[in-house]
1. In the range 229-257, how many are within 12 Å of the ligand (Cβ to nearest atom), more than 14 Å from ASP2 (Cβ to Cβ) and aliphatic (A, V, I, L, M)?
2. Going through the range 263-280 one residue at a time, which ones are in a helix (DSSP H, G or I), surrounded by fewer than 23 Cβ atoms within 10 Å (Cβ to Cβ) and among the β-branched types (Val, Ile, Thr)?
3. What are the residues in the range 174-198 that are more than 10 Å from the ligand (Cβ to nearest atom) and either in contact (Cβ under 8 Å) with a residue 24 or more places away in the chain or under 24 Å from VAL117 (Cα atoms) (or both), if any?
4. Got a number for residues in the range 199-228 being farther than 22 Å from PRO142 by Cα and within 12 Å of the ligand (Cβ to nearest atom)?
5. Return the only residue of ARG5, ARG102 being under 30 Å from VAL226 (Cβ atoms) and without any contact (Cβ under 8 Å) to a residue 60 or more places away in the chain.
Amino acid sequence: MDGSRVAKELLAACQGRVKRIQDQTGVTPCLATVLVGEDPASVVYTRMKRRRCEKIGMKSLKVELPESTDTAGLVAEIEKLGADPDVHGILLQHPAPVDDERAAFEAIPVEKDVDGVTWGSFARMYFPEEAAARGGFGSCTPAGIMRLLDAYDVPLEGAEAVVIGRSAILGRPLAGMLLARNATVTICHSRTRDLPEVVRRADVVVAAVGRPNFVRGDWLKPGAVVMDAGYNEGNIGDCEFESCEPVARLITPVPGGVGPMTIAVLIEQTVEACELQLGI
Ligand code: NAP
């Protein structure tokens, strides 16, 4: 599955929407990125996100805070952005080195939570009908995986889906999204017994473990669809591509599979947030 191609298509569509918003209202959608400290990977990630915004004609606002920032200081900065009508989406780069990261996430108004990290967004991912009116967005990597599954017309209704990993940013939200699409979802984690046997049931396998080459081809049901969310040192995924690829019907490579979808969804959700805030 070519995530780079699908992401490019998504971004091209966003560019058109940005132009329409500008033509209709004179407003340019703006994503604020908040970075606390100077963790090198986080510096790179936030820069990539800002550049992608600018490339399609959006604005980005860089907020960089010193490592010494405490929870109250971070919350105050985020509240300022929340009240700023020129900012449509807020991304707090995590992990943020404060005592209470959750308090900082919750300071993001749900209508600007384009990274899908607030309780309000989590509710929406698990209860889409009930929570839709309250706003919120999908977590970007899981939402990107869903977009990729749809781009390749992978049937989800009644499908056996096995998600390996239960983190707040990946496994758990993804499981909610798959459930909302009527898949039969199994969530696996480090305490799961006989993981290969569970994976063997799956029509759709999602690996979000953070261990290089963890899932192997002999774990898979022939014809399974394999989504590898893993990104380990040296551009290595969580699935062993050489052994999985001959067994799978579809598989995402690393790099070029799930990765590019994450930023594309972040951008798309910021454009959508802007449209909703402007009432268009
Ligand atoms: P995480 O918070 O470390 O969670 C890993 C999950 O894997 C945990 O739920 C853990 O179980 C489970 N696990 C660990 N060892 C296991 C084992 N032996 N058997 C079964 N399950 C096991 O990681 P994450 O943040 O979700 O990230 C997962 C991967 O996705 C990483 O490679 C990361 O780099 C990548 N990622 C990619 C993107 C992207 O944009 N493409 C974005 C985010 C993350 P317990 O809960 O029991 O500990």
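1. 2
2. Answer for the range 263-280, where residues must be in a helix (DSSP H, G or I), surrounded by fewer than 23 Cβ atoms within 10 Å (Cβ to Cβ) and among the β-branched types (Val, Ile, Thr): just ILE263.
3. ALA175, GLY176, MET177, LEU178, LEU179, ALA180, ARG181, ASN182, ALA183, THR184, VAL185, THR186
4. Going through the range 199-228 one residue at a time, the tally reaches 1.
5. Unique residue meeting the criteria: ARG5.
Values in this text are rule-based calculations from the coordinates and carry no lab data. This one's a predicted model, so the numbers in the text were calculated from it and none came from an experiment. We place every Cβ from the backbone using ideal geometry, glycine too, and count neighbours over all the protein chains shown.
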